[in-house]
Structure formats: C-alpha cells, structure tokens
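All remarks here apply to the structure that follows.
The values are calculated or read from the model by the stated rules, or taken from the named source; none is laboratory data. Remember, it's a predicted structure, so these values are computed and weren't measured experimentally. Here the Cβ positions follow ideal geometry from the backbone for every residue, glycine too, while neighbour counts run over all protein chains shown. The accessibility values were calculated without ligands, DNA or RNA, using every heavy atom of the protein model including side chains. Shrake-Rupley method; radii C 1.70, N 1.55, O 1.52, S 1.80 Å.
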Number of protein chains: 2
Amino acid sequence: LAGAVASGIKYKDRLDLGLIYAPDGANVTGLFTRNKVKAAPVILSMQQITRGSARAVLVNSGNANACTGLPGIEAAKECMAAVSKELNISMEEILVASTGVIGAPLPIEKITAAMPKLVNNLSPDGFSALSKAIMTTDTFPKTSFLKGKVNNKPFSILGIAKGSGMIQPDLATMICFVLTDISIDSSLLHDILKTSVAHTLNSVTIDGDTSTNDCIIALASGKAQNPPINNSEKRNFKSAMEKILLDLSKQVARDGEGASHMFTVEVKGAMNNKDAKHAAFTIANSPLVKTAVNGSDPNWGRIMAALGRSGISFKPEDVDINVDDIPLVKNGIGMGKDYEAEVSMKMKKPEFKITINLKTGKKCFWRVFTCDFSKEYISINADYRS
Amino acid sequence: LAGAVASGIKYKDRLDLGLIYAPDGANVTGLFTRNKVKAAPVILSMQQITRGSARAVLVNSGNANACTGLPGIEAAKECMAAVSKELNISMEEILVASTGVIGAPLPIEKITAAMPKLVNNLSPDGFSALSKAIMTTDTFPKTSFLKGKVNNKPFSILGIAKGSGMIQPDLATMICFVLTDISIDSSLLHDILKTSVAHTLNSVTIDGDTSTNDCIIALASGKAQNPPINNSEKRNFKSAMEKILLDLSKQVARDGEGASHMFTVEVKGAMNNKDAKHAAFTIANSPLVKTAVNGSDPNWGRIMAALGRSGISFKPEDVDINVDDIPLVKNGIGMGKDYEAEVSMKMKKPEFKITINLKTGKKCFWRVFTCDFSKEYISINADYRS
C-alpha cells in the first residue's frame with residue numbers, strides 16, 4: 001500500500017509526504033550515499049535496515065533534514081513515532097527518507113499533523129501519488145513496472161525514483177524505492193540490488209554533485225508466494241531488477257535539471273573498466289561538453305580535451321568518436337565539416353549516444369547516462385531557495 | 001619588443017596574431033599542459049625550450065592547432081619558418097603558442113601573409129596590442145607589471161595572460177607570458193616559475209576543464225645588467241614573480257566565461273595540503289556551488305555536500321564556514337536566517353571569499369580562485385563555434 005498528502009512542508013497544496021506500507025512486513029535492503037556528510041534519515045535508515053525486515057517507509061520532499069545535527073535525528077524520530085502510533089507498528093519497523101533543501105530544520109508539526117490523513121490515504125493505487133510526493137525540481141514522476149516468473153510463480157516489481165539535481169549517485173540515486181512481492185531473503189536481495197546498481201543508477205550523472213541524501217530501499221513482501229528464491233534461481237528476478245533500474249536511470253538523466261537532451265557516453269577499448277568509467281564520467285561531467293550538447297555543436301575537441309585530462313591510459317592518435325552511427329573522429333583527427341553537419345542533426349534529437357573507442361584494451365567499457373547544461377539549469381539552481 | 005596584427009584567422013579586423021621579440025636573445029623556460037592531448041604548438045615549444053634560450057614567440061588566437069596530427073606540426077613549422085625568414089633568426093630560436101577552436105586546420109596562408117606587417121609592427125609599446133591578440137572569449141586583456149631591485153640594479157617584470165574557458169590549468173594557464181629584463185639563468189628561472197605557479201595559476205579553475213594548449217613561457221633578456229642572480233639573491237625577484245602571477249590569476253578568474261562574481265575558496269585546518277587542495281577544487285568546481293553564487297544564495301548545504309563527496313578526512317560536525325568576515329556555519333550547523341541575509345549581501349559583491357575551516361589538521365590550507373556559472377556561460381559555450 002502507498003499514499004501521499006500535501007502537508008505544506010515547503011509549498012502549499014503540493015504532495016510532499018508519502019508512506020509505503022507492507023501490512024504483513026517485507027524483507028528489506030538498501031544502499032546509501034557514500035557522501036561523508038549524511039542526512040539524519042540516511043543515518044537512521046542505515047541503522048534500521050540491518051534488521052533485514054521492515055513494514056513502513058516514510059518519505060518527504062521539500063526538506064533534506066541534512067546538516068541538522070542531533071536535533072535533525074530527533075526530528076526524524078518524532079516523525080517515525082507518529083507513523084508508529086498511527087499504524088500501530090513498532091518504531092524498529094519504520095524507515096525514513098528525505099529530500100530537499102539542506103540545513104533547514106524539519107517542520108515536525110506539519111508532518112505529524114498530516115499523519116492521520118496520510119495513513120487514511122493508503123491504498124494499492126497510492127504509488128502514483130507517492131511518486132509525485134518525492135519530486136523536487138523533477139518535471140515528471142519516475143516509475144517503472146515489470147512482471148516476471150520464478151519457479152512458475154508470477155511476481156511483480158515496481159521502481160520509483162526521483163532525480164533532477166545534486167545527482168551523481170554513489171551507491172544509489174537521490175531516492176529510489178524498489179517494491180516487489182517476490183519471496184527472497186534480504187541478503188540475496190542486497191547482492192542483486194548492489195550488482196544491478198553499478199551499471200544503472202551509479203552510472204548516472206547530472207552535475208557531478210553526490211547528494212547527502214542518496215538512498216535506495218528495496219522491499220520484498222513475499223506475497224508472490226514462491227518458495228524463497230535461492231542463488232541459482234535468481235536469474236529472472238535479477239534481470240527484472242536491472243531493467244527497472246536501467247529504465248529509472250534513463251528517466252533521471254532525461255529529467256536532469258533544465259535538460260533538453262539526454263545523452264549516453266560510452267567509452268570502450270579501455271585498458272580496464274576503471275579507466276573506462278573514469279573517462280566516461282570525466283566527459284559526462286565536463287561543463288564544456290554539456291554546453292556543446294546544449295547547442296547541438298559537434299565540438300569534439302572538448303571530448304578529446306576531457307579524455308586527455310582524465311589521466312587514463314590511451315593514445316590520442318588512436319581515438320575514434322561516433323555520435324549514434326555517424327563517425328566524428330577517426331584516429332584522433334576530425335572527419336570534417338560534412339560529417340559534423342550530420343552529427344549536429346543527431347544532436348538535435350532528445351536522446352543520442354556518444355561512443356568513444358580508445359582502441360587500447362579489448363573488452364573494457366563503461367556507459368554513463370547524463371544530460372546537457374542549459375540556461376534553465378542556471379535559473380533553477382541560482383534561484384532554488386528563493 | 002612586441003606587436004600584433006589582425007590576420008583574419010577567425011574574424012575580420014580583430015587582432016589575432018602576436019609576436020614577442022628579444023633582439024639579443026633571452027634565457028627562457030616554460031611550463032606546459034599535462035593534458036595527454038597536447039596541441040602541436042605545445043609539442044613544438046616543449047622541444048624548443050630545452051635549449052634554454054630563445055629570441056621570438058609567435059602566438060595566435062582563433063585556432064588552437066590541437067588534434068590536428070602531423071599536418072598540425074607541419075603547419076606550425078611553416079609559421080615558424082616565416083618568422084625565421086622575416087626576422088632573419090634561426091628556427092631553433094622561435095617558440096609558438098596557439099589558442100582557439102580545437103580540431104580545425106591552422107590557416108597557414110593567412111598567418112604567413114601577415115608576417116611582414118607583424119614584424120613591422122614590433123615596438124617597445126606593442127605589448128598592449130599583443131595582450132589583446134591572444135584574447136578569445138576574454139572580455140578584457142590581462143597584464144601585470146612590476147619594478148624591483150636586485151643587487152641595487154633595477155629590473156622590471158611584465159606578465160600577460162589569457163583566460164576565460166577550458167580553464168583549470170595543470171602546470172600553467174591557457175597562455176601566459178612573463179617577460180623580464182633581469183639576468184638569470186634558465187634553470188633558476190624555471191625553479192622560480194614552477195614554485196610560483198602552484199599557488200597562483202594552478203589554483204585557478206573556471207570550469208574544471210584543463211586545456212590542450214596551456215602554456216606559460218618566461219623570457220629573461222638580461223638587459224637589467226645585474227650580475228646573474230644566484231639562489232641566495234632570488235628573494236626579490238621570486239616575490240615579484242609571485243605577485244605578477246597572483247594578479248594574473250585573479251584577472252583570469254574575474255573574467256571567467258560569463259562570470260558575474262569572482263570568489264576565492266580557502267580550505268584550512270585540513271589533515272594535509274593535498275586534502276585542502278582537493279576539497280577547495282571540489283567546492284570551486286561544483287556546478288551547484290557556482291550557480292548558488294550566481295544567485296547570491298548562501299546555500300551552504302551545497303558546500304557541505306561537495307566537501308562530503310570529496311573523499312578527504314574531516315568530521316562534518318567540526319566544519320566552520322565564513323563568507324568574508326560573516327559566519328555562515330559553525331560546527332556543521334547553519335547560523336540561521338539573520339546571518340544568511342548578511343552573507344547574501346556579501347555575495348552580491350563582485351568579489352568575496354569563502355573560508356572553510358575543517359579544524360582537523362593545523363597549518364594545512366589551500367586557496368582556489370574561481371567564478372560563478374551564469375546563463376551567459378551557457379550562451380558562450382553552446383554557441384562558441386557558430
């Protein structure tokens with residue numbers, strides 16, 4: 001069950017408080033930001049989640065409850081206590097997540113006052129409202145749904161994420177929930193989540209800024225009534241998890257703050273995967289590459305310059321660069337004006353891919369999902385708190 | 001002597017070609033980009049400079065002659081040959097530098113055709129024209145001049161730099177010349193240059209993008225007729241060099257592409273200087289910090305988040321943040337609305353300083369010069385080649 005209400009945390013009449021509820025409990029795992037500055041809800045949920053099961057997740061937007069010290073921890077606990085009272089469940093069974101402005105005190109009264117209505121709103125159809133309640137500068141809610149089969153039992157899996165700014169997840173994205181009715185123990189769920197995140201949410205960057213509030217929480221209710229899956233039966237479920245997270249990753253990149261283009265940077269032929277990843281992130285985070293994409297300008301010199309400063313092993317004279325299927329650079333030299341004109345057309349599309357072949361190693365590659373920097377990005381972030 | 005002409009490399013009637021000439025030769029040293037992708041003029045000047053002396057430096061804007069392969073090297077050599085012929089000096093005595101668009105072939109004919117006029121324009125008053133000829137997206141020329149004394153002999157030192165975009169120098173800035181009449185051998189000149197660059201030009205970042213064309217060239221003509229200075233007499237000259245480079249560094253940061261505010265990020269109390277430098281650069285390059293500065297928004301949560309993801313050693317609950325003399329964060333917690341209002345006023349000034357005291361180590365600190373991200377930055381870089 002899920003539900004959401006407008007509690008007035010930052011704006012009036014905007015959904016900003018959500019609740020996920022598994023009446024009979026769920027096995028749970030999570031991944032949290034590796035930012036050294038961790039928000040109060042991250043600190044609390046990291047502790048709570050070690051139990052391996054949970055029944056409720058409270059989430060709010062409009063306030064990150066980060067850099068708020070001990071009073072921030074106490075504030076989150078008061079909100080958990082309100083959930084505990086209203087649902088008549090133990091404090092230990094409740095997780096919390098927050099997103100929004102850093103450093104402002106959490107408005108406890110607004111949240112606790114809204115609790116009866118929030119619990120009253122809980123329903124199997126409440127996930128759409130919840131996906132809206134976690135939005136900040138997002139322009140659309142991000143969900144992904146799949147059905148699958150394990151041991152001939154059908155299961156379903158739902159992912160919900162938010163994105164937009166302060167996005168270069170490091171273990172997770174800003175906030176993401178994965179909800180499934182499959183029966184799986186929390187340690188196997190954790191392994192699958194961790195593996196799936198590496199090439200999906202952890203390969204997204206909007207602005208290179210890792211949030212203080214990143215968290216991904218996966219809940220498995222067991223309502224699919226399959227015999228708990230073991231390591232050898234995990235294939236179908238793992239594949240479903242990867243598809244959900246890949247879909248959400250692309251949605252987060254597409255909805256980057258002010259973005260007009262979502263693009264994939266794929267580096268292949270690197271000496272090792274670490275080099276490929278580092279080069280792909282250096283290119284994806286380069287303000288000069290991001291602004292060139294904004295102007296549909298096939299300014300490949302900026303890609304070469306970003307590669308060159310990344311510090312990875314390669315020879316400039318080996319590098320090939322393609323945009324979708326059009327060659328732009330061959331052996332480190334530009335293909336000329338005609339190809340650039342074709343590439344510029346590709347770059348006018350809402351989505352495209354830049355492939356960089358270093359021709360140094362063999363099978364080593366990494367793919368990063370990102371977006372351009374626009375004037376709207378500046379507006380959104382220069383005026384965010386006002 | 002120096003001079004400049006409009007040779008029509010990219011725009012008509014805009015100074016774009018400059019020449020520095022020491023008729024009786026000069027001791028020379030230089031520092032060049034550590035970007036793995038090096039422009040043809042960088043590759044050539046790195047070779048030439050090992051001789052320790054030079055007579056002429058040819059520099060152009062509007063074309064970086066980078067990622068142009070062997071034809072780019074040949075093109076630069078043809079331009080050097082034209083200088084050699086016109087000045088009747090050896091090819092070995094000529095250095096070259098270029099700045100502008102990456103990947104386009106150097107228009108050799110335009111440059112060689114302009115050579116007689118360029119040489120004819122050489123004069124002791126030509127440095128102002130030269131400082132304009134190396135501008136790309138710069139909005140003002142950057143020069144700095146000082147007079148000093150060594151062993152009771154007067155000397156002078158002139159610095160000329162360009163900046164604006166693709167600026168996070170790694171050994172130098174995009175292009176910088178230091179010209180002095182002091183008598184000093186090139187190896188001592190090199191030591192002084194290298195030490196002085198670390199806390200000046202190498203501590204500037206506009207956008208985190210290290211250029212393919214960075215170079216700093218120092219020429220010492222010996223015309224001051226002091227006995228060549230030795231290591232124990234270098235103090236006055238070293239201090240003059242540092243002042244010149246500091247002044248140019250601030251000018252480069254102030255004139256960052258689209259910048260409306262120049263700000264200094266100073267991290268102190270770090271465990272070591274490396275940590276302090278890494279943290280200062282992480283904050284200075286954060287798009288969220290740069291856009292908050294653009295909006296004069298004292299959004300200190302973004303500074304804390306950048307610190308947290310930088311990976312350095314510190315405790316969030318120890319951090320103090322000041323903007324100029326106003327405290328914004330004390331022991332990891334915000335000072336509140338009144339202080340934020342005062343800080344916002346400070347942030348409306350064209351220049352201010354953010355000081356982060358980690359209170360972890362003792363005397364370890366680093367200072368980085370940078371600027372905000374504005375809508376103009378996006379305009380300049382989305383439309384740069386069109």
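Descriptive notes on the structure:
- Scope the stretch A:340-352; condition under 30 Å from B:V289 (Cβ atoms) and either open to solvent by less than 80 Å² (accessible area, probe 1.4 Å) or part of a helix (DSSP H, G or I) (or both); matching residues: A:M347, A:E351, A:F352
- Residue in the stretch B:318-325 that is under 21 Å from B:A259 (Cβ atoms) and more than 8 Å from every other protein chain (Cβ to nearest Cβ) present: yes
- Total residues in the stretch A:6-59, condition closer than 22 Å to A:G222 by Cα and modelled with pLDDT under 90: 2
- From A:K337, A:K362, residue being surrounded by fewer than 19 Cβ atoms within 10 Å (Cβ to Cβ), more than 26 Å from the chain's Cα centre (by Cα), under 22 Å from B:N65 (Cα atoms) and charged (D, E, K, R): A:K337
- In this structure, B:K315 does not qualify as surrounded by 24 or more Cβ atoms within 10 Å (Cβ to Cβ) and more than 7 Å from chain A (Cβ to nearest Cβ).
- Residue in the stretch B:309-330 that is within 14 Å of B:G269 (Cα to Cα) and hydroxyl-bearing (S, T, Y) present: yes
- When residues of the stretch A:101-111 are limited to those that are buried (at least 24 other Cβ atoms within 10 Å of the Cβ) and either of a type in the set (V, I, T) or farther than 16 Å from A:E78 by Cβ (or both), the one farthest from the other protein chains (Cβ to nearest Cβ): A:I111
- Contact map, the stretch B:261-287: first residue more than 11 Å from B:S310 (Cβ to Cβ) and among the β-branched types (V, I, T), second residue modelled with pLDDT of 90 or more and part of a helix (DSSP H, G or I), Cβ cut-off under 8 Å, separation 6 or more or different chains; pairs are B:V265/B:A280; B:V265/B:I283; B:V265/B:A284.
- Residue within the stretch B:347-367 that is at pLDDT below 90, charged (D, E, K, R) and touching a strand residue (DSSP E or B) at 6+ places or on another chain (Cβ under 9 Å) present: yes
- For the residues A:L307, A:L328, the requirement of being modelled with pLDDT of 95 or more and either in contact with a helix residue (DSSP H, G or I) (Cβ under 7 Å, 6 or more places away or on another chain) or facing another protein chain (nearest Cβ under 8 Å) (or both) singles out A:L328.
- Boolean, A:L95 is touching a residue at least 40 places away in the same chain (Cβ under 8 Å) and touching a Gly at 6+ places or on another chain (Cβ under 9 Å): yes
- Residue satisfying all of: in the stretch B:219-238; among the small types (G, A, S) and under 24 Å from B:P141 (Cβ atoms); surrounded by the fewest Cβ atoms within 10 Å (Cβ to Cβ) among these: B:S221
- Test: A:G69 is under 21 Å from B:K337 (Cβ atoms) and touching a strand residue (DSSP E or B) at 6+ places or on another chain (Cβ under 7 Å): yes
- You will find that of B:L201, B:L246, the residue that is out of contact with any strand residue (DSSP E or B) (no Cβ under 6 Å at 6 or more places or on another chain) and closer than 14 Å to B:I175 by Cα is B:L201 and no other.
- Cβ separations smaller than 7 Å between residues 6+ apart or across chains give the following pairs from the stretch B:231-247 residues that are among the acidic types (D, E) to residues that are part of a helix (DSSP H, G or I): B:E242/B:S196.
- Qualifying residue in the stretch A:201-213 (condition: over 30 Å from A:T291 (Cβ atoms) and either among the aliphatic types (A, V, I, L, M) or more than 13 Å from the chain's Cα centre (by Cα) (or both)): no
- Residue within the stretch B:359-366 that is on the phi > 0 side of the Ramachandran plot and touching a residue at least 60 places away in the same chain (Cβ under 8 Å) present: yes
- Of the residues examined, B:A276 is not one that is at pLDDT below 90, open to solvent by less than 30 Å² (accessible area, probe 1.4 Å) and not charged (D, E, K, R).
- Residue within the stretch B:157-170 that is in contact with a helix residue (DSSP H, G or I) (Cβ under 9 Å, 6 or more places away or on another chain), open to solvent by 10 Å² or more (accessible area, probe 1.4 Å) and farther than 20 Å from B:I206 by Cα present: yes
- A:K117 falls short on exactly one of the conditions (1) closer than 19 Å to A:A6 by Cα; (2) open to solvent by 30 Å² or more (accessible area, probe 1.4 Å); (3) within 14 Å of chain B (Cβ to nearest Cβ), and that condition is (3).
- Residue satisfying condition, being at pLDDT 85 or above, assigned to a helix (DSSP H, G or I) and surrounded by 22 or more Cβ atoms within 10 Å (Cβ to Cβ), within set A:S187, A:S249: A:S249
- Here A:F369 meets each of (1) farther than 23 Å from B:V289 by Cα; (2) outside any helix (DSSP H, G or I) with one exception, condition (1).
- All conditions but one from (1) within 14 Å of chain A (Cβ to nearest Cβ); (2) surrounded by fewer than 21 Cβ atoms within 10 Å (Cβ to Cβ); (3) at pLDDT below 90 apply to B:M271; the one that does not is (3).
- Taken together, the residues in the stretch B:41-60 that are touching a residue at least 40 places away in the same chain (Cβ under 8 Å) and either in contact with a Cys (Cβ under 9 Å, 6 or more places away or on another chain) or not in a helix (DSSP H, G or I) (or both) amount to 10.
- Answer residue from the stretch A:136-176, given it is of a type in the set (S, T, Y) and in a loop (DSSP other than H, G, I, E, B) and is modelled with the lowest pLDDT among those: A:T173
- Any hit, the stretch B:281-290, residues being open to solvent by less than 10 Å² (accessible area, probe 1.4 Å), closer than 25 Å to A:D372 by Cα, away from chain A (no Cβ under 12 Å) and within 24 Å of the chain's Cα centre (by Cα): yes
- Residue check, A:R34 open to solvent by 30 Å² or more (accessible area, probe 1.4 Å), in a strand (DSSP E or B) and in contact (Cβ under 8 Å) with a residue 24 or more places away in the chain: no
- Subset of the stretch A:226-246 (residues that are under 18 Å from A:L146 (Cβ atoms) and assigned to a loop (DSSP other than H, G, I, E, B)): A:N226, A:I229, A:K234
- Among the residues making up the stretch B:206-218, those that are modelled with pLDDT of 75 or more and either farther than 16 Å from B:L193 by Cα or surrounded by fewer than 24 Cβ atoms within 10 Å (Cβ to Cβ) (or both) are B:T212, B:N213.
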